[in-house]
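Computed from the coordinates by the stated procedures, all read-outs in this text should not be read as laboratory data. Just so we're clear, the structure is a prediction, and the values are computed from it rather than from any experiment. Quick reminder, even Gly has a Cβ in these numbers, built from the backbone with ideal geometry, and neighbours come from all protein chains shown.
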Amino acid sequence: MRPTKATVRLGAIRDNLEIARQFAPDSKIMAVIKANAYGHGAIEVARSLQAHVPAFAVAFAEEAVQLRDAGISRPILILQGASCDADAAEAADRDFWLMLHSRQQVERVLRADVPGPVRVWIKVDTGMHRLGLAVSELDGVCADLSASDNVQREQVLCTHLAVADELTHPMTRQQVRTLRDYASGHNLPLSIANSAAIMSWPETHASWNRPGYMLYGNDPHGFAGTEASGNPSHGLVPAMTMSSEIISIRELAPGDGIGYGLEWVARKESKIGTISMGYADGYPRHAASGTPVLVNGQRVSLVGRVSMGMISVDLTELEYVEVGDPVELWGERLSVNEVAAHAGTIGYEILSGLTGRVPVTYLP
Ligand SMILES: *Cc1c(COP(=O)(O)O)cnc(C)c1O
């Protein structure tokens, strides 16, 4: 059997959830499990968190259907809302909550043939300019929703922050002020905070917080944030470890190149190991030579280009190493944020890009 596998510790995700709760003890937590729970397995993660959170969030209806079909019973908010009339009807039927981000989506709910009232959240564009109603549209939307039998009474006003991961950016305060100014006259529950805001912007904490990335144990401020804070992760523990083994070792003479393009060339006698992990498995193809990999728990460097199913690492400095020795690509001892930084991307992309080619083992 190929030695490459991901191990997900569900207990770590529950512990990280408690950390999110400690940051904002007065807020309810909606666990964001879109994109297959950031690559961790949405059904398994939802099963493990069900007893600990009142609701989940996913991006679109198909993701919610998959969870319901698997027996997940908590309400599931669909962050992009109903994409068609059938989505709106299904929401009432299956206890999906709908984000309404445009007038068109409001109309869709108002005219839907629903078996009962749907719970809706109203997405407000306070500056990210991706989705959401303008503040000037809210009076009309709230009035129409309140007058409709298709809609449950208490609606939540929601916005998404564009730069919550930048600790001093003025935009976050401005976005919060825009939403709170409107809400103060209307007594509506609010939802603002993602992971970065939960950790860094107490003024964003509201009725509902929506943590995603931090639940999986990674710092949403990225590798730079991790370094700068001096407190690597506020106690967050990465839930996934991507591991493998060395499958081959060879000695290179000065001038010998490695892999496609022979891009990395040995300057001295070098011992090079091959690992069965590549971009088809979700390892970032743009990871540069020098990207850290743990072999026997020791840091070594990726060398040469990432192939579809293999990478090479420089083992020259290791005293003892042989075929079959254990490898960690990222996980508890090597932050996925750090790997991402060497690949010009973010940990979010690496985790959510996992394809299913690598088997996942779950630990309680
Ligand atoms: C993905 C998402 C979140 C979670 O963001 P994290 O940075 O992963 O915590 C929260 N709210 C919305 C609307 C999202 O799309």
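The table that follows gives values for the structure above.
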{"item": "Which of Met277, Met171 has the fewest Cβ neighbours within 10 Å, and the rest in rising order", "result": "Met171, Met277"}
{"item": "Taking the chain and dividing mean pair separation by its residue count, relative contact order in percent (alpha carbons under 8 Å, at least six apart)", "result": "18 percent"}
{"item": "Debye, to nearest 20: dipole size of region 10-217, +1 on Lys, Arg Cβ, -1 on Asp, Glu Cβ", "result": "360 debye"}
{"item": "Neighbourhood charge, 11 Å Cβ-Cβ cut-off, centred on Thr316 and excluding it, Lys, Arg +1 and Asp, Glu -1", "result": "-2"}
{"item": "Reach of Lys5 by Cα under 28 Å, taken over lysines that are not fewer than 8 positions away in the same chain", "result": "Lys34, Lys271"}
{"item": "Theoretical ellipticity at 222 nm over the chain - DSSP helices of four or more residues, -39500 (n - 2.57) apiece, nearest 500", "result": "-8000 deg cm²/dmol"}
{"item": "Set of aspartates and glutamates with alpha-carbon distance to Lys28 below 19 Å, sequence-local pairs under 8 removed", "result": "Asp15, Glu18, Asp95, Glu154, Glu203"}
{"item": "Selection from Ile122, Ile33, Ile258, by position along the positive dipole direction of the chain (Cβ)", "result": "Ile122"}
{"item": "Relative exposure of Cys158, Cys84, judged by other C-beta atoms within 10 Å (fewest first)", "result": "Cys84, Cys158"}
